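Take a look at the structure set out below.
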There are 2 protein chains.
Amino acid sequence: MFRFVKGSIVDDKSDDQGDALVPRCRAVRADAQRNTHALLDAALAVFATSGVDAPVREIAVKAGVGVGTLYRHFPQRADLVAAVFRHEVDACADAAPVLAAEHGPSEALALWMQRYADFIATKRGLASALHSGNPAFDSLPAYFQKRLVPALRTLLDAAAVAGEARADVDAYELLTAVANLCMQVDGGCPAPAHRMVALLVDGLRYGARASSDGSID
Amino acid sequence: MFRFVKGSIVDDKSDDQGDALVPRCRAVRADAQRNTHALLDAALAVFATSGVDAPVREIAVKAGVGVGTLYRHFPQRADLVAAVFRHEVDACADAAPVLAAEHGPSEALALWMQRYADFIATKRGLASALHSGNPAFDSLPAYFQKRLVPALRTLLDAAAVAGEARADVDAYELLTAVANLCMQVDGGCPAPAHRMVALLVDGLRYGARASSDGSID
DNA sequence: TAATTATGCGGAACAATGTTCCGTTTTGTC
DNA sequence: GACAAAACGGAACATTGTTCCGCATAATTA
């Protein structure tokens with residue numbers, strides 16, 4: 001999902017014994033790629049506005065395609081939801097190296113944590129979906145962990161090496177803690193969650209000082 | 001909801017100046033009471049079997065009434081869900097004094113905690129509903145707390161007075177902890193949750209001994 | 001370039017489900 | 001027993017997920 005194959009996987013036209021056998025699979029059509037992309041973009045926007053329970057028709061309209069097209073690319077509603085979720089997890093994970101390149105270690109860590117907090121804050125309703133038992137969501141928690149834990153781990157390690165954060169924090173635990181922290185936020189006010197996350201990050205920084213003093217609590 | 005008024009609230013026929021004014025409100029009809037009861041019973045059974053997302057028609061059929069009747073008593077689906085939830089909270093809270101009368105303090109406490117754990121374990125899907133933003137569910141958390149905290153508080157106090165449990169545990173915290181504990185349980189296997197709850201209760205008992213030794217951690 | 005064909009598209013139609021409406025039935029009262 | 005208010009039943013409506021299939025179009029081939 002979401003990493004488009006530009007052509008068919010077969011090499012151009014050699015390697016095939018014979019000339020008029022099966023034509024192999026054709027390349028994915030350009031309009032199909034365009035529509036998949038448009039649907040993901042539209043779904044992202046609609047889910048953000050109306051929540052993950054928004055009607056598929058609304059998404060199809062926003063993407064400028066028919067419902068048939070939507071269902072051709074995402075056989076079930078849940079598949080579209082899962083694809084958007086994956087997309088957002090990817091975006092969040094990919095932000096880590098960018099921030100690391102543009103800022104100092106602890107600054108990059110702090111910025112990424114806020115980025116992650118924003119991501120979680122927009123996921124209300126999706127938590128319910130994850131526990132709905134729909135098999136389309138089965139792989140999402142693992143994907144979440146697989147992409148985000150290494151991203152955070154890298155930032156944490158860099159900050160620890162630079163002496164700007166304590167080194168004894170588990171990335172997964174931190175992700176979980178922040179998720180729980182931000183999940184409780186009601187309404188569209190992310191300020192309290194931001195403050196709590198900032199406190200956590202300051203705690204990481206404080207830990208670096210404390211351990212350099214030799215006093216780890 | 002669920003505490004039926006046997007007659008109209010007005011006193012029989014005096015206290016009214018005049019004879020042919022407004023006939024006041026009539027008593028609630030017998031069939032209406034019967035149907036409300038039947039609907040709650042049916043909903044309880046159906047929700048337990050098919051989850052809280054079961055179709056209203058299924059409930060109406062099981063109760064032996066038409067959907068119109070269902071909607072007369074519960075204007076929205078969510079109202080029926082909320083009513084059943086209240087009913088179950090009441091049943092759980094009411095079990096406390098019964099258990100207290102039939103068993104020793106710490107035994108009653110242990111039994112009630114398991115009773116509460118069972119209640120929570122059947123509530124998967126309802127947690128999602130509570131966070132759905134539907135105003136029909138707004139009052140449920142408060143009701144939950146109002147009924148169950150005193151019930152547990154009484155059992156805890158009795159056990160503490162008898163020297164069978166530690167006295168420094170907050171009832172609300174304990175309820176929340178057990179809820180989180182049992183909410184994670186997958187599938188229909190309540191055994192792990194039972195074990196965890198038992199461990200918690202044993203911890204309460206251990207605390208009694210520890211504090212009698214004067215060593216509270 | 002023109003013909004061919006697999007691929008993809010659109011949206012009407014279907015199915016499931018929450019909700020409303022209204023003619024009919026039942027109940028309580030006089 | 002007659003009457004009116006209350007309640008009932010279920011058909012009908014609205015919304016939404018999903019399927020189906022005739023038609024359009026992009027890639028391939030001659």
Looking at residue A:164 and the list (1) away from every other protein chain (no Cβ under 14 Å); (2) in a helix (DSSP H, G or I), which single condition is not satisfied? (2)
Specify the residue that is farthest from residue A:129 (Cα to Cα); the eligible residues are those in the stretch A:64-84 that are open to solvent by less than 20 Å² (accessible area, probe 1.4 Å) and part of a helix (DSSP H, G or I). A:70
Which pairs have Cβ atoms under 6 Å, sit 6 or more apart or on different chains, and link a residue in the stretch B:46-57 that is at negative phi to one that is in a loop (DSSP other than H, G, I, E, B) and modelled with pLDDT under 90? B:52/B:125
State whether one or more residues within the stretch B:110-131 are open to solvent by 70 Å² or more (accessible area, probe 1.4 Å) and more than 22 Å from residue A:128 (Cβ to Cβ). yes
Give A:117, A:136, A:127, A:100 a once-over and let me know the one that is assigned by TED's automatic domain parsing to the domain that holds residue A:201, of a type in the set (A, V, I, L, M), farther than 20 Å from residue A:182 by Cβ and at pLDDT below 95. A:136
Identity of the residue in the stretch A:136-150, open to solvent by 40 Å² or more (accessible area, probe 1.4 Å) and within 14 Å of chain B (Cβ to nearest Cβ), that ends up nearest to the chain's Cα centre (by Cα): A:141
Could you go through the stretch A:177-188 and let me know if any residue there is more than 19 Å from the chain's Cα centre (by Cα) and modelled with pLDDT of 85 or more. no
So which of B:30, B:54 is away from chain A (no Cβ under 14 Å), over 19 Å from residue B:140 (Cβ atoms), more than 8 Å from DNA strand D (Cβ to nearest atom) and of a type in the set (Gly, Ala, Ser)? B:30
Residue count, the stretch B:96-109 (criterion: open to solvent by less than 50 Å² (accessible area, probe 1.4 Å) and under 15 Å from the mean Cα position of the chain (by Cα)): 1
Taking residue A:106 as the residue in question, decide whether it is within 14 Å of chain B (Cβ to nearest Cβ) and either at pLDDT below 95 or assigned to a helix (DSSP H, G or I) (or both). no
Go through the stretch A:109-134 and report how many residues are outside any loop (DSSP other than H, G, I, E, B), within 14 Å of chain B (Cβ to nearest Cβ) and either free of Cβ contacts under 8 Å to residues at least 40 places away in the same chain or not hydrophobic (A, V, I, L, M, F, W, C) (or both). 2
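The values are calculated or read from the model by the stated rules, or taken from the named source; none is laboratory data. Computed from a predicted structure; not experimentally measured. Glycine gets a Cβ as well: all are built from the backbone with ideal geometry, and neighbour counts include every protein chain shown. Only protein heavy atoms, including side chains, enter the accessible area calculation; ligands, DNA and RNA are left aside. Shrake-Rupley method; radii C 1.70, N 1.55, O 1.52, S 1.80 Å.
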